[in-house]
Amino acid sequence: MNNLKVIQLLPELNIGGVERGTKDFSKFLVENGHESIVISNGGVFEKDILAHGAKHISLPIHKKSIFLYFLSNKLKNIYEKEKPDIVHVRSRMPAWINYFAFKKLTKKPVLISTFHGLYSKPFYSRVMSKVDHMIAISDTVKNYILDTYNVSENKITTIPRGCEEDVFNQDNLTTEWVDQWYKEYPQTKDKIILTLPTRISAWKGVDSFIELISMLNDDRFHGLVVGPTAKSKQRYLNSLKNKVSELGVSNNITFTGSRSDIVNIYKSSDIVFNLSVKPEPFGRTTIEAISCGSKVVGWNHGGTKEILEELYPSGLVPLNDMKKLKDTVIEVAKNEHPYPDKNTFTSKKMTEQTLQLYSQLCKTSS
């Protein structure tokens with residue numbers, strides 16, 4: 001494969017799945033002898049991009065702006081100077097700026113977009129389909145693109161997301177961590193731990209999780225809701241806590257808030273859940289938990305369904321069937337119940353498939 005020069009466009013480089021993926025892929029490109037440039041408004045991962053030997057160009061492409069035309073001119077000038085082989089857009093606002101920049105170019109690089117979600121504003125999102133090729137992060141997302149935009153199927157490649165095997169590993173927990181955890185959460189000691197890793201939001205299924213704990217009606221089980229609450233969701237969090245209280249399960253559920261030790265929480269959980277009521281575009285927590293060796297239970301739709309069909313079919317439950325959810329948990333929680341297959345959704349596989357696609361597209365365009 002010839003050495004490629006790749007530009008990735010995204011709004012900012014702060015914490016998040018898209019941002020982390022961009023950083024990791026940039027590192028992978030450099031390690032494999034390619035040239036990597038990231039254009040964004042900057043952020044915490046910018047120093048990592050530079051440390052890995054890539055280049056970062058700061059441009060305020062992160063928010064809707066009246067300077068769209070001015071920014072597209074700047075972007076066009078960058079393209080003319082850098083002469084990339086591939087431009088890869090990962091978000092809608094940068095895609096619009098790029099769209100106008102491309103119109104002014106005489107020699108155009110191969111243009112790729114990644115659909116990271118089931119975008120709720122189809123007209124605004126249409127720009128992501130006006131490219132040479134699209135990457136869908138799951139078949140759920142691919143079907144959304146086909147249903148929403150007038151594009152041919154051969155313009156879309158499904159490349160599932162992946163997690164880092166060295167980070168989401170099955171190494172033993174340290175005694176120090178375990179001791180500190182029980183000091184902080186003594187109510188979890190000697191319990192069957194059921195964990196819902198999610199930010200607090202109405203569609204993420206926290207309601208169903210609370211109902212599940214109530215239906216189990218068994219003090220052997222303890223539920224953990226692990227994830228942040230935005231200021232705008234504080235009232236919703238309070239309503240969830242009221243529900244916990246009304247159902248009489250205050251001693252059986254803990255809201256931990258945001259935690260940086262999620263890997264260890266996966267490892268110490270007996271079952272990890274994905275109960276999103278809207279289909280997940282992918283379901284990153286599902287593969288992270290499986291990679292750490294945990295059993296996973298989730299609703300039978302979206303990206304979660306695709307992952308569990310491949311790695312742990314016994315964890316699938318028909319959407320909103322609370323009785324079946326309860327029965328599945330009781331069955332899966334048994335020590336003798338099998339664990340998931342080894343996680344196949346890895347970062348390595350994802351990056352290799354993306355690079356392979358780049359190579360194919362460059363060959364066909366030349």
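Derivation of every value follows stated rules applied to the coordinates shown; laboratory data play no part. None of these values were measured; they are calculated from a predicted model. Virtual Cβ from ideal backbone geometry, glycine too; neighbours counted across all protein chains shown.
To the nearest 20 Debye, how big is the dipole of the stretch 175-332 about its Cα centre, given +1 on the beta carbon of each Lys and Arg and -1 on that of each Asp and Glu?
Working: 20 positive and 19 negative charges, 123 e Å.
Computed about the Cα centre, the dipole is about 600 debye.
Using all Cα-Cα distances in the stretch 175-332, what percent lands in each 10 angstrom bin from 0 up to the longest?
Once binned at 10 Å, the Cα pair distances of the stretch 175-332 give 11, 43, 38, 8.
Charges at C-beta only: +1 for Lys and Arg, -1 for Asp and Glu. How large is the resulting dipole of the chain about its Cα centre, in Debye rounded to 20?
Numbers: 49 positive and 40 negative charges, 398 e Å.
Computed about the Cα centre, the dipole is about 1920 debye.
Can you pull out the chymotrypsin sites (Phe, Trp or Tyr not before Pro) in the stretch 56-160 whose DSSP state is coil and whose Cβ has at most 16 other Cβ atoms within 10 Å? Display every interim value, and only then the final one.
Details: sites: 67, 69, 70, 79, 96, 99, 100, 102, 115, 119, 123, 124, 144, 149; in loops: 67, 119, 149.
Hits after loop and neighbour filter: 67.
Extending each Cα 7 Å along its Cβ direction at residue 363 and residue 150, get the distance between those two points in nm, one decimal.
Here the answer is 3.2 nm between the modelled labels.
Out of the stretch 269-366, which trypsin sites (Lys or Arg not before Pro) are coil in DSSP terms and have no more than 15 other C-beta atoms within 10 Å?
Values: sites: 284, 295, 305, 323, 324, 326, 334, 342, 348, 349, 363; in loops: 334, 342.
Filter output for the stretch 269-366: 334, 342.
Got a sec? Charge dipole of the chain, +1 on Cβ for Lys and Arg, -1 for Asp and Glu; which of 212, 247, 123 is way out at the positive end?
Of the listed residues, the answer is 123.
Roughly how big is the stretch 99-173's charge dipole about its Cα centre, with Cβ charges of +1 (Lys, Arg) and -1 (Asp, Glu), in debye to the nearest 20? It would help to have the intermediate numbers written out before the result.
On the way: 10 positive and 8 negative charges, 182 e Å.
Magnitude of the dipole: close to 880 debye.
What are the semi-axes of the equivalent ellipsoid for the stretch 5-113, taken as the square roots of 5 times the Cα gyration tensor eigenvalues, largest first, in whole Å?
Details: eigenvalues 87, 54, 23 Å².
That gives 21, 16, 11 Å for the three semi-axes.
Could you work out the Kirkwood radius for the chain, taking every pair of different alpha carbons, averaging 1/r and inverting it, reported in Å? Please report the intermediate quantities before stating the final value.
Values: mean 1/r = 0.0453 Å⁻¹.
Evaluated on the chain, it is 22.1 Å.
Filter the cross-link list 103/305; 64/348; 103/363 down to pairs whose alpha-carbon distance in this structure exceeds 28 Å.
Working: 103/305 40 Å; 64/348 34 Å; 103/363 23 Å.
103/305; 64/348, as the Cα separations exceed 28 Å there.
Compute log10 of I(q)/I(0) for the stretch 70-196 with the Debye formula, placing one identical point scatterer on every Cα and leaving out solvent, at q = 0.11, 0.16, 0.18 Å⁻¹, to two decimals.
Calculated log10 I(q)/I(0) at the listed q: -0.58, -0.82, -0.95.
Please give the contour-minus-distance gain from residue 83 to residue 50: 0.36 nm per residue of separation, less the Cα-Cα distance, rounded to one decimal in nm.
Numbers: separation 33, 0.36 × 33 = 11.88 nm, distance 1.97 nm.
Length difference between fully extended and current span is 9.9 nm.
Can you check how the C-alpha radius of gyration of the stretch 106-265 compares to 2.2 N^0.38 Å, as a plain ratio? Before the final figure, lay out each step's value.
Details: Rg = 21.2 Å, N = 160, 2.2 N^0.38 = 15.1 Å.
Against the empirical 2.2 N^0.38 Å value, I get 1.40 for the stretch 106-265.
In the chain, if the dipole is taken from +1 on Lys/Arg beta carbons and -1 on Asp/Glu beta carbons about the Cα centre, which of 338, 109, 322 is farthest to the positive end?
So the residue we want is 109.
Measure up 241/267; 76/130; 108/349 against 24 Å on the Cα-Cα distance and list the ones that go over. Present the calculation step by step, with values, prior to reporting the outcome.
Values: 241/267 26 Å; 76/130 17 Å; 108/349 28 Å.
Beyond 24 Å between Cα atoms: 241/267; 108/349.
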